[in-house]
Amino acid sequence: MTSGNARGGDLVPAAVLAVLGSRGPSSRSEIARLLQVSPATVTQATKGLIARGLVAELEDEPSRGGRPARLLGLVREAASAIGVKVTADHVATVKVGLEGSVQAYATTPFDPTAPDALDRLTAILKAAVSAHEGDLLGIGIGVPGSVDSQGSGVVSAPTLGWSELPIGAYLRDALEVPVLLDNDVNTLAAAERLYGVGRNTASYLAVTIGRGIGCGIVVDGTIHRGVGGGAGEIGHIPMVDDGPACVCGAVGCLEALIGEAALLRDAVTSGVIADGAGIAALAEAADAGTDAAVALFDRAGTLLGRAIAGVVHTIDPSLLVLQGEGVTAWRHWQPAFDASFRRHLMPARRSLRYQVNPWSEEQWTLGAASLVLAAPFDSTDATGHQGRLVRARLQDLEPVR
Ligand SMILES: [Zn+2]
């Protein structure tokens with residue numbers, strides 16, 4: 001266990017770079033407040049960073065009376081990470097700058113059930129590493145399943161056919177760069193922590209709707225992962241006693257009722273869409289006012305509102321963020337969700353705010369890269385040795401002119 005002082009001395013320069021990367025130009029006092037260290041500690045750390053050419057003092061803004069705070073900024077895009085999302089039929093990779101800019105998004109077909117799946121994944125990532133220009137801090141990987149810890153990376157993902165596979169150790173040996181893994185919903189929560197609501201909010205729920213229903217739980221700035229990485233599986237909250245079978249092996253789960261596959265199944269059964277049509281066809285039917293389509297979204301919104309009200313009472317967050325591919329049809333979920341969510345909340349919690357984030361598939365890979373880019377903020381050592389390697393790389397960056 002590292003003592004607070006030792007970690008502070010070791011962590012601050014890397015954390016200052018991370019703050020400037022994720023927030024943009026900031027004053028020394030702002031940085032000190034965000035990192036919860038003394039202004040003198042920040043001054044000491046920035047002195048070294050300025051000497052190495054990584055950070056520069058920006059020109060003062062025109063004074064509006066009083067002494068203007070001198071802002072600090074990154075001299076250049078200081079470093080970047082590779083974000084990876086593994087799905088049942090492809091691997092998406094992206095390069096993400098420390099400041100959250102998404103560059104070079106690519107997808108490659110991938111069969112996770114093939115006998116040589118791990119070698120194939122390694123080859124895809126090796127190609128991404130060798131094509132990477134600039135300082136690479138590490139690789140972050142999001143998977144649709146549970147991961148024992150970010151730094152270890154033992155993955156169980158039924159939809160990929162993976163059971164307790166030591167993906168992290170395998171990839172680290174093959175790639176020789178830091179590798180962090182987590183459940184894909186948790187990676188979205190990590191991105192919110194760096195670039196979204198987490199800048200101003202310490203405790204929030206990052207709920208995803210779409211193919212799966214999930215929830216990243218962030219409490220006091222830290223993702224709550226549970227004993228085995230299985231926290232936040234709200235898709236498997238039991239909603240009814242005799243419901244459809246769920247992929248998890250139980251029956252009547254929330255996801256088995258309102259996940260994308262369930263909505264499509266019910267839409268085909270009720271004759272709203274043809275067999276094989278996608279979720280966009282169901283949304284179009286609702287746009288056209290088809291009663292059965294509207295009713296399906298109403299039921300989904302009602303069940304989601306009821307389930308999330310229960311989670312709110314359990315966690316007591318200050319904000320909800322809704323995202324995932326399902327939010328593209330949110331206009332159809334919203335009326336029933338709003339009514340159900342408010343009705344099931346205790347009166348004192350009924351004013352709880354929620355926001356719906358615009359969605360693109362790139363969000364998954366941005367989230368995965370955020371595992372690496374958030375490592376400097378890891379005050380709990382949850383990222384373990386891999387997180388320490390990322391921080392060491394961030395501190396050892398060579399200035400580039
Ligand atoms: Zn289930």
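Here Leu137, Leu72 are screened, and the one residue that is in contact with a Pro (Cβ under 9 Å, 6 or more places away or on another chain), outside any loop (DSSP other than H, G, I, E, B), closer than 30 Å to Arg28 by Cβ and at pLDDT below 90 is Leu72. Whether a residue is modelled with pLDDT under 95, open to solvent by less than 40 Å² (accessible area, probe 1.4 Å) and farther than 25 Å from Val390 by Cβ was assessed, and Gly145 does not pass this test. Which of the residues that make up the stretch 124-141 are closer than 13 Å to Gly168 by Cβ and small (Gly, Ala, Ser)? Residues satisfying the conditions are Gly138, Gly140. Name the residue that is surrounded by the most Cβ atoms within 10 Å (Cβ to Cβ), counting only residues in the stretch 221-256 that are assigned to a strand (DSSP E or B) and away from the ligand (no atom under 16 Å from the Cβ). In this case the residue turns out to be Ile223. Counting only residues that are under 16 Å from Glu325 (Cα atoms), assigned to a loop (DSSP other than H, G, I, E, B) and open to solvent by less than 40 Å² (accessible area, probe 1.4 Å), the stretch 170-220 holds 4 of them.
For Pro25, the conditions (1) over 25 Å from Ser370 (Cα atoms); (2) in contact with a strand residue (DSSP E or B) (Cβ under 7 Å, 6 or more places away or on another chain) all hold with the exception of (1).
Within the stretch 200-215, at least one residue is away from the ligand (no atom under 16 Å from the Cβ) and without any contact (Cβ under 8 Å) to a residue 60 or more places away in the chain. Scanning the stretch 14-30 for residues that are of a type in the set (Ser, Thr, Tyr) and either free of Cβ contacts under 8 Å to residues at least 24 places away in the same chain or in a helix (DSSP H, G or I) (or both) yields a count of 2.
Among the candidates Arg331, Arg353, Arg349, which residue alone is over 21 Å from Asp184 (Cβ atoms), in contact with a strand residue (DSSP E or B) (Cβ under 6 Å, 6 or more places away or on another chain) and open to solvent by 40 Å² or more (accessible area, probe 1.4 Å)?
Numbers: Arg331 fails: in contact with a strand residue (DSSP E or B) (Cβ under 6 Å, 6 or more places away or on another chain); Arg349 fails: in contact with a strand residue (DSSP E or B) (Cβ under 6 Å, 6 or more places away or on another chain).
So the residue among Arg331, Arg353, Arg349 that is over 21 Å from Asp184 (Cβ atoms), in contact with a strand residue (DSSP E or B) (Cβ under 6 Å, 6 or more places away or on another chain) and open to solvent by 40 Å² or more (accessible area, probe 1.4 Å) is Arg353.
For the condition more than 15 Å from the ligand (Cβ to nearest atom), closer than 23 Å to Asp148 by Cβ and out of contact with any Asp or Glu (no Cβ under 7 Å at 6 or more places or on another chain), Val218 qualifies.
The values are calculated or read from the model by the stated rules, or taken from the named source; none is laboratory data. As the structure is a computational prediction, the values presented were derived from the model and not from experiment. Please note: Cβ atoms are built from the backbone with ideal geometry, for glycine as well, and neighbour counts cover all protein chains shown. Side chains included, ligands, DNA and RNA excluded: accessible areas come from the protein's heavy atoms. Shrake-Rupley method; radii C 1.70, N 1.55, O 1.52, S 1.80 Å.
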